[in-house]
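Scroll down for the structure; my scribbles are underneath it.
The values are calculated or read from the model by the stated rules, or taken from the named source; none is laboratory data. Predicted model only: the values in this text are computed from it and were never measured. Cβ coordinates were reconstructed from backbone atoms using ideal geometry, including for glycine residues, and neighbour counts include every protein chain displayed.
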Amino acid sequence: MAPVDISFLVFFRVALGVLLAISMERFLAYGWVDQLLLAPSFRFKYFGFHWVEPLPREQLLLLFRVLVGLGLAVAAGLCFRLSAILLALGLSYIQLIDVSTYLNHYYLAALLAWLLAFSPAHRARSMDAWLGRLWARACGYAEPAPVTQVATAFLWLLRCQIGLVYFCAGLAKLQSDWLLYAQPLRIWLGASTDLPLLGPMFTWPGVPLVISWIGFLFDTTIVLWLSRSRTRPYAYALVLLFHTLTRALFAIGMFPWIMSACALIFFPPEAAQRLWMGLARRFSSGAPGTTPKRASASPFARSALVRAGLLVGCLYVAFQVVMPFRYLAYGGNVLWHEQGMRFSWRVMVRAKGGTVAFLVKLPDQERKVFVDPNTYLTSFQENEMAGQPDLILQMAQYIGREYEAREKRPVEVYATARISLNGRRAAPLVDPSVNLMTVRDGLGPASWILPAPTEAPPLIVPVL
């Protein structure tokens, strides 16, 4: 395929860098570094990453300040390759500290940062490009020809990533709880009846179901409408409206702004060129990184490096396509057993809550000890653990190891977890007769997780 205008990639670099800088600053401003990462005495780990621990407080706070600067450096295209890789590494590290802090938009931010880090987004309208020209002038060399084009593969790679987020989020809603019972949206809207203008509407019986269908149709079809030139402007206006409303109704952080900016990737690549030209006319034409009118990019050679890059890109897309559907290998209701839930773009499709208690038993004695998890966890962690069996297993085994070290002998640990899914009556989540010290954590099916309840969720009607 022929190369395309690089302006879209420049815009993506600026937008993502600024948004990630704001996101890291929010962590500092709201005290989330302390609350989420430092306050817990126990942290849940991703499979294979049990070795990841948080830095000491001052160093971790410094890391977040550095990430703010790196985000701005990426936006400006300053030492871009190093800045972008360090930003992606930092975001990935923060993700791995504690599973209980997992959110889809944190995962998306890290993926986009990595994709940007290996792109040539700094080749135009960047501090790197400007400094390169200054250096050439100072040394008496001919100025390098400005880069105006980029391989089409970068455009389609970003489109595939953003398209998968929307489409998989829509497919996750293709189930009875969402489309027939408007759950869990009915629960959440019932808690928002005090909002101006919209709040009273949420008390009307049919409104949650209508909004559920709108959300399903939006997620499953928006990429199609953004991909067609005749519908693209209207579709993007709908994107802005949709994400503005979700930001007003739900506490989902930077996700609406990131998706609103990323959806622009479906516009023609040269559309961003008109934006940059308009800015260039408004400000000085000699501003850092402004591309002169002369020259053009050289043709892209089909080198071994380019072919290797295309292969890696295809493998990445294939991996991203497979990951959201790995839950099919486990069977059952993924919203209940959670196997295959993370990294699948299942955005806001389940509300779970309940209680979990642990029983420690010494095999050669009659003594039994009931352990409340709030002894080890923050309220946030405890709430997150309640609906996620793998986290219950981690907690049980941590408690067991602690008692074994104290008693100097093996112990048994059992969990009693009664959980409500999307407003249903609480039901047992894990088998209380299974000694969790004998269970090996892994990627295989977990037979110790009980089947999901088969009853339909209730039709809860909020009352003013």
request  = Return the only residue of Leu37, Leu78 being touching a residue at least 40 places away in the same chain (Cβ under 8 Å), within 21 Å of Phe154 (Cα to Cα) and not assigned by TED's automatic domain parsing to the domain that holds Met395.
outcome  = Leu78
message = For Ala248, only one of the following conditions fails: (1) surrounded by 14 or more Cβ atoms within 10 Å (Cβ to Cβ); (2) assigned to a helix (DSSP H, G or I); (3) modelled with pLDDT under 90. What is its number?
response = (1)
message = List pairs: first residue in the range 245-256 and more than 13 Å from Ala191 (Cβ to Cβ) and in contact (Cβ under 8 Å) with a residue 24 or more places away in the chain, second residue among the polar types (S, T, N, Q) and part of a helix (DSSP H, G or I) anywhere in the structure, Cβ distance under 7 angstrom, at least six positions apart or on different chains.
response = Ile252/Thr246; Met254/Ser23
message = Restricting to the range 228-245, count the residues that are among the small types (Gly, Ala, Ser), surrounded by fewer than 14 Cβ atoms within 10 Å (Cβ to Cβ) and in a helix (DSSP H, G or I).
response = 1
ask   = Looking at this structure, is Trp51 free of Cβ contacts under 8 Å to residues at least 12 places away in the same chain and surrounded by 15 or more Cβ atoms within 10 Å (Cβ to Cβ)?
value = no
query = Which of the residues spanning the range 34-48 are on the phi > 0 side of the Ramachandran plot and surrounded by 12 or more Cβ atoms within 10 Å (Cβ to Cβ)?
reply = none
message = Please count how many residues of the range 58-108 are surrounded by fewer than 19 Cβ atoms within 10 Å (Cβ to Cβ) and not in a helix (DSSP H, G or I).
response = 3
